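Structure first, then comments.
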Amino acid sequence: MSPAIRASRPKVGLALGSGGSRGIVHLEVLDGLRRMGIPLDILVGSSIGAVAAGLYAVGALPRVREDLRTFKREDFLRMFDPSLSRYGFFSGRKILVFLKRYIPAETRIEDLSVRLGIVATDYDSGRPVVFRRGNLLQAIRASISIPGVFTPVRIGRKLLLDGGVVSPLPIDIAEEMGAHLVAAVSLQPSIGQLRRILPLGLKKPKAGPGEESGSLQLVEKVVRRLSSARNEESGWLHIADQWLTAKRSEAEDRKKLPNLIDIVTRTIDIMAYTETLQMLAAHPPAVLFEFDFPDLGTLDFTRSEELLAAGRRLLERKEPEIRAKILDRLTLPVPPDSGF
């Protein structure tokens, strides 16, 4: 391509959606597009998509992908530190400690070589907040604040929640930031999979005489178990394993009730599914990556090798479409009235 066309080629954007542990496939998509020679000018991430976008933007992707292959189950479970506050089950501090292995604490979004947008949700207005400046780790921590699971983050006057609450697939934000060709990675499961019930490891207690429901007993039992285990790592790791990881042998037992974390994350999945359908109808991307991993809990990061392999298969299937709809179009001039 000539220097003039190269300088004015269409800008490529990538929208990385929310979806918890399924977001490990984002790493494989990012690496696959790099290997294909797709220039990523604009990256927008929501929730786990924000984590992947940030890691890519600082050049940490190869190291993270390699480390994921050697992490043990306990390494992942230790990242979920119990908060036991009224604001969320987990404080999120250990997740930041983990991310600091790859992202320097002082990293600012505006100093990165790629245009980056990190999406969170404003608790008061219910609208997306897009970080394009400021501390990268702080923005990512806000973007992953799953309501009820992780404590929310206050930045300035705003109380911020998970970006996936209102923007699970931020294609429109990538377009607003100047992308002409947008690829999008959706992690939202189908409605059929949303109806699946994952096990809890805690059975709902039966209501006693004169009791209307056993729900309160369940909550009290949960709090007692967490309180007794929080200072004993082995006890906490056992409970975290029950709560955060799906046991495939038990997943077929439809009689068991989901736990509180499953209920919260599944409710967000249902809302995100609807929001994603509306986004795709209003802002169809040049290439859409759809990924579903039905027997995986939202916070189950213990099966990274399976997810990375699934991401590679997804790239292989999509490669002809990527070349036709993005790579081959990079020799075209910038569309008129684009601002570039």
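The values are calculated or read from the model by the stated rules, or taken from the named source; none is laboratory data. If you're wondering where the values come from, they're calculated on a predicted model, not measured in any experiment. All Cβ positions, even for glycine, are placed from backbone atoms using ideal geometry, and neighbour counts span all protein chains on display. Just so you know, the surface numbers come from the protein's heavy atoms only, side chains and all, with ligands and any DNA or RNA stripped out. Shrake-Rupley method; radii C 1.70, N 1.55, O 1.52, S 1.80 Å.
In terms of accessible area, using a 1.4 Å probe and ignoring ligands and nucleic acids, 75, 122 rank largest first as 75, 122.
Probe radius 1.4 Å, ligands and nucleic acids ignored: give me the carbon and sulfur share of the accessible area of the range 1-152 as a rounded percent.
Carbon and sulfur together cover 51 percent of it.
Highest-first packing order for the peptide set 45-55, 147-157 is 45-55, 147-157, based on the mean count of other beta carbon atoms within 10 Å.
Taken along the Cα-to-beta-carbon direction at a fixed 7 Å, the label points for residue 157 and residue 135 span 2.1 nm. By the scheme Lys and Arg +1, Asp and Glu -1, what is the net charge of all other residues having a beta-carbon under 12 Å from that of residue 137? So the environment of residue 137 carries a net charge of +4. Which of rounded, prolate or oblate describes the range 22-124 when judged by the alpha-carbon gyration tensor and an a/c cut-off of 1.5? Oblate shape, in that a/c is at least 1.5 and b/c is the bigger or equal ratio. Looking at the square roots a ≥ b ≥ c of the eigenvalues of the Cα gyration tensor of the range 64-180, which shape do they give, rounded for a/c under 1.5, prolate if a/b is larger than b/c, or oblate? Judged from the Cα gyration tensor, the range 64-180 comes out oblate (a/c at least 1.5, b/c at or above a/b).
Compared with the alpha-carbon gap, the fully stretched path from residue 63 to residue 278 is longer by 73.8 nm at 0.36 nm per residue.
Taking the Cα centre as origin and putting +1 on Lys and Arg beta-carbons and -1 on Asp and Glu beta-carbons, what dipole magnitude results for the range 1-157, to the nearest 20 debye?
I would put it at about 60 debye.
Under 5 Å between amide hydrogens, built in the peptide plane, is the criterion, and for residue 153 it picks out 160 among residues at least 5 positions away or on other chains.
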